[in-house]
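Each value in this text was obtained by applying a stated rule to the coordinates, not by laboratory testing. Owing to the predicted nature of the structure, the values given are computational and were not obtained by experimental measurement. Cβ atoms come from the backbone with ideal geometry, glycine included; neighbour counts cover every protein chain shown.
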Amino acid sequence: MKHGCSNALICDNPLYSFDTPVVLHEIDDDGEQVSDKEAMFIADTIVGFIAKGINPKDIAVLSPFRAQAANIRRVIRKHTGINKEDCKKISSDTIDKMQGQEREIILYSLVSGNIEYMTEMAEFLYNPNKMNVAFSRAKSKLIIVGSLSKIGKLDLPNYPHIDKMLNSKHSKII
């Protein structure tokens, strides 16, 4: 494994965002989006954090979709070489399930690549309350993985606030 976003491992920036303009995603049997590419990238990044001495219980992965959270858990378990005990310590769940909890490091998988789907689901995906919960769970580092350039093309009332945060001096977009 390549250790995903290795820059985030060594940089002091509390916020990293990885723009994945061409996200290969699929719709599962329940109509939810999943992205194996994002799941592998996140799993690689987690391997890098653990290799640097980060305790797995200090890492959580969030996604708006249960299917993607489950997909990421599966990828971490089967493709990383992380032992079973440590895999259990890494939380991978939906935003709603993480409410009231915090971790040192949060990786947020947007699973966004289809502009039509993003527009249709904008009220759910980019709800300011959900975004606040997702973004405020990290104690030290938040890593956002998704098609940020496409999100910027949506007519979202709260996007200027998201854009301002992503482009702040404390953020690094890769």
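A compact table of results
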{"quantity": "Under Karplus coefficients 6.51, -1.76 and 1.60, residue-wise ³J(HN,Hα) of segment 129-144 in Hz, glycine/proline x", "calculated": "5, 5, 4, 4, 4, 4, 7, 9, 7, 7, 7, 10, 8, 10, 10, 9"}
{"quantity": "Inter-probe distance in nm under a simple model that places probes 7 Å from Cα toward Cβ, at R74 and C87", "calculated": "1.3 nm"}
{"quantity": "Amide H partners (placed H, <5 Å) of I144, local residues excluded", "calculated": "Y16, S17, F18, Y108"}
{"quantity": "Cβ-Cβ FRET estimate between S136 and R66, R0 fixed at 25 Å, reported to 0.05", "calculated": "0.75"}
{"quantity": "Cut-off under 5 Å, modelled amide H: who pairs with V61 long-range", "calculated": "S91, S92, D93, L107"}
{"quantity": "F124/E104 FRET efficiency (R0 22 Å; Cβ-Cβ; nearest 0.05)", "calculated": "0.20"}
{"quantity": "Long-range HN-HN contacts of M121 with modeled amide H, under 5 Å", "calculated": "none"}
